[in-house]
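A.B. asks: Attaching a single structure in structure tokens format; questions to follow.
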Amino acid sequence: INMIKIENLWKIYSNGNIKVEALKGVDLKIEEGEFVSIMGPSGSGKSTMMNILGCLDKPTKGKYELDNAKIEELNELELAKIRNKKIGFVFQSFNLLPRTSAYKNVELPMLYANVNFKERHDRALEALKKVGLGDRIHHKPNELSGGQKQRVAIARALVNSPAVILADEPTGNLDSKSSDEIMDIFKKLNEEGATIVIVTHEPDIAQKTKRIVVFKDGEIVEDTKALSSKP
Ligand code: ADP
Ligand code: ADP
């Protein structure tokens, strides 16, 4: 089953009379349960692609179906709902609320989704345990290491059982040991069925996913299996 289906997708930025073709007719299908990394040089369209995948930005032209929803036909309110329910975001800089406990950070997306108190509690604890932070739930971000902060962010991305987890340079601010731990968590989540797409500059990180899609000048120039997917 296709979780993501993109056809002839274009993104053209216009600043006055200067136009930048950031995506030039991209086709991309990602099935449920895939673990994909997006690579490519600076300016090749990776961020633009992730913003569109995350329903944060709209394509200029083309089709995008996420979990059978036709994204280009939705209004802002419907898009906001999709972002909250279908997409789990993980960022390079964690984007946690600073003066707020790990537990409260993870609870937040469920508040927006009107989940009741008991279920919020159960799901927050389950997600924090899943990333190995069951004993750190009352810690605030500044009391946690970088790797632990990113694990809170992953727990937060999980709690609404999203159709896809989108991670933009999730290991970009981490040392290699913490990076490996984060990739191990993604691997485990993927084995449990999660569909995951990450952007990375690091070939070693990309090889830990199962499929590597390379962008150049707004087009996909390579789409291959990663080493980890080979026997
Ligand atoms: P990457 O993430 O691979 O570095 P981007 O998607 O950020 O690439 O950028 C792709 C191209 O689009 C680049 O030429 C960039 O300068 C341009 N671009 C990105 N965002 C904007 C914007 N908001 N306005 C104008 N041009 C943009
Ligand atoms: P990344 O490091 O993720 O590739 P970029 O440096 O390409 O990010 O872009 C950072 C932000 O600036 C993005 O939100 C992007 O849309 C915007 N941006 C990138 N290039 C341009 C540009 N030429 N004009 C305006 N905004 C841009």
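FYI, it's all coordinate maths here, none of it is from the lab. Everything quoted here is computed from the prediction, not taken from an experiment. Backbone-built Cβ (ideal geometry, glycine too); neighbour counts: all protein chains shown.
A.B. asks: Do any of Lys104/Lys188; Lys149/Lys187; Lys188/Lys230; Lys70/Lys208 go past 22 Å between their Cα atoms, and which?
C.D. replies: Lys104/Lys188; Lys70/Lys208
A.B. asks: Same structure again: Quick one: putting +1 on the C-beta of Lys and Arg, -1 on the C-beta of Asp and Glu, what dipole do you get for the chain around its Cα centre, in Debye to the nearest 20?
C.D. replies: Charge dipole, the chain, about its Cα centre: 460 debye, nearest 20.
A.B. asks: Angle, helix 176-191 long axis vs. longest principal axis of the chain, Cα atoms, 0 to 90°, nearest 10?
C.D. replies: Between helix and principal axis, roughly 80 degrees.
A.B. asks: Can you list the residues, at least 5 places off or on another chain, whose amide H is less than 5 Å from the amide H of Thr60, using H built in the peptide plane?
C.D. replies: Those qualifying (amide H under 5 Å, at least 5 residues apart or on another chain) are Trp10, Lys11, Ile12.
A.B. asks: Here's a follow-up. Report, in degrees rounded to the nearest 10, the 0 to 90 angle that the Cα long axis of helix 76-86 makes with the longest principal axis of the chain.
C.D. replies: Once rounded, one gets 60 degrees.
A.B. asks: Starting with the highest mean, order 151-161, 112-122, 174-184 by the number of other Cβ atoms within 10 Å, averaged over the residues of each peptide.
C.D. replies: Listed from highest to lowest mean packing, they are 151-161, 174-184, 112-122.
A.B. asks: Cross-link partners among aspartates and glutamates for Lys11, C-alpha distance below 14 Å, same-chain residues fewer than 8 apart left out?
C.D. replies: Partners found: Glu21, Asp27, Asp57, Glu72, Asp217, Glu219.
A.B. asks: Moving on to the next point. Through the Karplus equation 6.51 cos²θ - 1.76 cosθ + 1.60, θ set to phi - 60°, convert the phi angles of segment 132-140 into ³J(HN,Hα) values in whole Hz; use x for Gly and Pro.
C.D. replies: For segment 132-140, the Karplus-derived couplings read x, 10, x, 9, 10, 5, 9, 6, 8 Hz, x marking Gly and Pro.
A.B. asks: Hey, what angle do you get for helix 146-158 against the long axis of the chain, alpha-carbon based, 0 to 90 degrees rounded to 10?
C.D. replies: 80 degrees
A.B. asks: Turning to a different aspect of this structure: So what does the Cα-only Debye profile of the chain read at q = 0.09, 0.15, 0.16 Å⁻¹, as log10 I(q)/I(0), no solvent term?
C.D. replies: Treating every Cα as an identical point scatterer, log10 I(q)/I(0) equals -0.37, -1.02, -1.14.
A.B. asks: Same structure, new question: Using the crude model of +1 on Lys and Arg Cβ and -1 on Asp and Glu Cβ, and no other charge, please compute the dipole size for segment 171-220 relative to its Cα centre, in debye to 20.
C.D. replies: 140 debye
A.B. asks: What aspartates and glutamates does Lys29 reach when the alpha-carbon gap must be under 13 Å and sequence neighbours fewer than 8 apart in one chain are set aside?
C.D. replies: Qualifying aspartates and glutamates at Cα under 13 Å: Glu7, Glu65, Asp67, Asp223.
A.B. asks: Also, quick follow-up: When the distances between all Cα atoms of segment 146-231 are binned every 5 Å from zero, what whole-number percent does each bin get?
C.D. replies: Percent of Cα pairs in each bin: 3, 13, 25, 26, 18, 11, 4, 0.
A.B. asks: Quote the charge dipole size of segment 27-100 about the Cα centre in Debye, to the nearest 20; the model charges only the Cβ of Lys and Arg (+1) and of Asp and Glu (-1).
C.D. replies: Dipole about the Cα centre, nearest 20: 300 debye.
A.B. asks: Order these peptides, 65-73, 204-212, by their mean beta-carbon neighbour count within 10 angstrom, highest first.
C.D. replies: 204-212, 65-73
A.B. asks: In the chain, with Lys and Arg counted as +1 and Asp and Glu as -1 at Cβ, which of these residues, Leu23, Ser161, Gly193, has the Cα nearest the positive end of the dipole, that is, farthest along it?
C.D. replies: Ser161
A.B. asks: Rounded to the nearest 5, what % of DSSP beta bridges with both residues in the chain are antiparallel?
C.D. replies: So the antiparallel bridges amount to about 60 percent of the total.
A.B. asks: Now a separate question. Enter the Cα centre distance for the pair segment 11-47 and segment 115-193, rounded to the nearest angstrom.
C.D. replies: Result: 26 Å between the Cα centres.
A.B. asks: If you build a Gaussian network model of the chain, linking Cα atoms that sit under 10 Å apart, which residue out of Asp27, Asp135, Asp57 swings the most?
C.D. replies: So, out of Asp27, Asp135, Asp57, the one fluctuating most is Asp135.
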